[in-house]
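What follows draws every value from the coordinates through simple rules; no lab data is involved. Being a predicted model, the structure only gives us computed values, none of them experimental. We place every Cβ from the backbone using ideal geometry, glycine too, and count neighbours over all the protein chains shown.
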Amino acid sequence: MVDSKKCAFCKNNLAGKNRTKEHIIPNAVGGRRKTTEFICKICNNKLGEKWDSELARQLNWFSVSLGISRERGEPPKQIVQTVEGERYWLMNDGTFTIDKSSYYEEVNDGSVKISLTAKTTAEARQRLKGISRKYPKLDVEKALKELEITTDYLKSPLHTKLSLGGPDAGRSLVKTAFAFASACGVEHNQCDVALQYLLDEDLDAIPFGFAYLSDLIECRPKEKIFHCVSLHGDPQTKLLWSYIEYFGFFRVAVLLSKNYSGRLINEIYSIDPIDGSSAGVKVGSGCSMQELTLIWSGNGFNHEIHQAAANYALSIIMERDRNRSLRNAVKKGFEHAAKKLGINEGEAIPKEVVAEFTALMMQKISPYIEHLVRSSKRKM
Ligand SMILES: [Zn+2]
């Protein structure tokens with residue numbers, strides 16, 4: 001019999017139905033790599049999921065805006081607000097829908113005029129059926145055929161919160177560093193500081209800090225967003241620590257132990273959350289003990305570096321969003337023109353209607369171009 005590993009939290013054997021696959025970086029934010037030798041199923045269900053879901057909730061705007069892929073389901077849609085206070089739902093494909101539907105009745109000389117704005121075609125159908133119970137003369141199918149699907153672009157910028165915090169999201173970060181150490185073969189009892197923080201939910205001494213004093217990533221890629229978790233262990237300094245970066249913006253250093261006695265370790269796991277491929281980044285060796293001490297005492301914050309991190313991440317996200325919106329606009333334009341001219345999928349566009357087809361397509365694409373011009377003027 002080979003000794004099975006034990007759960008890092010409750011010390012039960014990780015065997016049989018107790019075994020579970022634990023994502024090192026939560027799958028809810030796009031992590032893929034798993035370890036089966038870290039914590040048991042019960043501890044994962046009881047604690048791990050609570051911490052990870054809070055982290056995922058706080059990072060959801062990034063997940064949705066970037067369109068990350070996950071193993072189970074898409075990131076949930078979320079309410080966003082423009083700087084002028086208008087509310088919209090940000091959908092997983094990067095589009096927005098109105099927050100609330102609207103309905104007006106106007107009575108004129110015994111006839112009733114109804115105006116209805118719905119979020120989706122399915123909702124419009126449902127609302128129309130309801131209205132037809134009140135007004136049996138309403139022809140639901142006819143009204144649905146006349147339905148106009150419109151696309152608008154936001155007229156003012158969105159208000160986005162760029163913060164991460166609280167005890168549950170913090171524990172998710174520390175668990176990720178600890179899980180990566182476990183996957184790198186570090187004995188669980190070597191991660192004493194992390195373990196103490198994770199097991200005692202009343203503990204106030206936080207073993208991580210925001211890391212915005214220097215850029216710890218060597219040769220940061222310019223066109224893509226990545227997640228990474230690294231592990232650094234040195235038996236001479238006795239320090240075992242980890243650097244975690246999510247969405248190119250959220251950057252923390254986690255202290256795992258000050259009594260590390262294992263082998264010298266410098267490992268990193270990085271991933272592109274959009275397609276799951278490896279991001280191939282490196283954590284430089286330039287982080288000094290002095291810098292780490294500042295980070296862990298809560299003084300790891302330099303406004304310029306923080307601003308540069310936000311600019312880096314947001315410009316990549318916005319660029320991706322612009323490309324996605326343009327693709328959507330072209331697709332909608334094509335469908336609109338094909339429908340108007342009665343051209344079915346797979347059929348060639350007859351030569352004599354090409355000009356008309358293009359004009360119809362542009363009806364749907366022009367508002368997007370105008371939106372681009374408006375937003376670039378705003379930036380200047
Ligand atoms: Zn356990």
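Couple of notes before you dig in:
- Of all lysines in the structure, those lying under 19 Å Cα to Cα from Lys34, and not within fewer than 8 positions of it along the same chain, are Lys5, Lys6, Lys17, Lys21, Lys46, Lys50, Lys175.
- The residues packed around Thr176, meaning those with a beta-carbon under 15 Å from its beta-carbon, carry a net charge of +1 if Lys and Arg are +1 and Asp and Glu are -1.
- Proximal charge balance of Asn44 [Cβ under 12 Å; K/R count +1, D/E count -1]: +4
- For the range 192-202, 3J(HN,Hα) computed residue by residue from phi via the Karplus equation (6.51, -1.76, 1.60; θ = phi - 60°) reads 4, 5, 5, 4, 4, 5, 6, 7, 10, 6, 8 Hz, glycine and proline entered as x.
- Distant-in-sequence amide H partners of Leu256 (H built 1.01 Å from N, under 5 Å): Leu240, Trp241, Ser242
- For the residue pairs Lys145/Lys331; Lys77/Lys224; Lys11/Lys258; Lys11/Lys282, the alpha carbons lie more than 27 Å apart in Lys11/Lys282.
- Listed peptides 191-199, 49-57 appear in the order 191-199, 49-57 once ranked by packing, highest mean of other Cβ atoms within 10 Å at the front.
- Only Cα pairs under 8 Å and 6+ residues apart enter the sum, and on that basis the relative contact order of the range 3-88 stands at 24 percent.
- Residue-by-residue Karplus 3J(HN,Hα) for the range 53-70, coefficients 6.51, -1.76, 1.60, Hz, glycine and proline x: 6, 5, 4, 4, 5, 5, 9, 4, 4, 5, 4, 6, 5, 8, x, 5, 10, 10
- Full-stretch length increase - Ile98, Asn344 - with 0.36 nm per residue and alpha-carbon distance subtracted: 85.5 nm
- Candidate aspartates and glutamates - alpha carbon under 17 Å from Lys339, same-chain residues fewer than 8 apart omitted: Glu146, Glu148, Glu347, Glu352, Glu356
- Leu264 paired with Asp234, simple spin-label distance in nm, labels 7 Å along Cα-to-beta-carbon: 1.0 nm
- Acute angle (nearest 10 degrees) that the helix 354-379 long axis makes with the longest principal axis of the chain, alpha-carbon atoms: 50 degrees
- Placing dummy labels 7 Å off each Cα toward the beta-carbon, the span from Glu74 to Lys137 is 4.1 nm.
- For the range 32-146, the relative contact order works out to 12 percent when only alpha carbon pairs closer than 8 Å and six or more residues apart are counted.
- As a ratio to 2.2 N^0.38 Å, the alpha-carbon radius of gyration for the chain is 1.25.
- Rounded Å value of the spacing that divides the Cα centres of the range 21-64 and the range 175-228: 14 Å
- Cβ-derived FRET efficiency at R0 25 Å, Ala308 paired with Thr151, nearest 0.05: 0.15
- Our summary gives the chain a relative contact order of 14 percent, counting only alpha carbon pairs under 8 angstrom and 6 or more residues apart.
- Counting only alpha carbon atoms, the long axis of helix 121-134 and the longest principal axis of the chain meet at about 50°.
- Taking a Cβ cut-off of under 11 Å around Leu213, the surrounding Lys, Arg, Asp and Glu residues balance to a net charge of -2, with basic ones at +1 and acidic ones at -1.
- With the alpha-carbon atoms of the range 124-218 aligned to their principal axes, the span from lowest to highest coordinate is 75, 31, 28 Å, starting with the largest.
- Over all orientations, the range 146-295 has a Cα convex hull whose mean projected area works out to 13.0 square nanometres.
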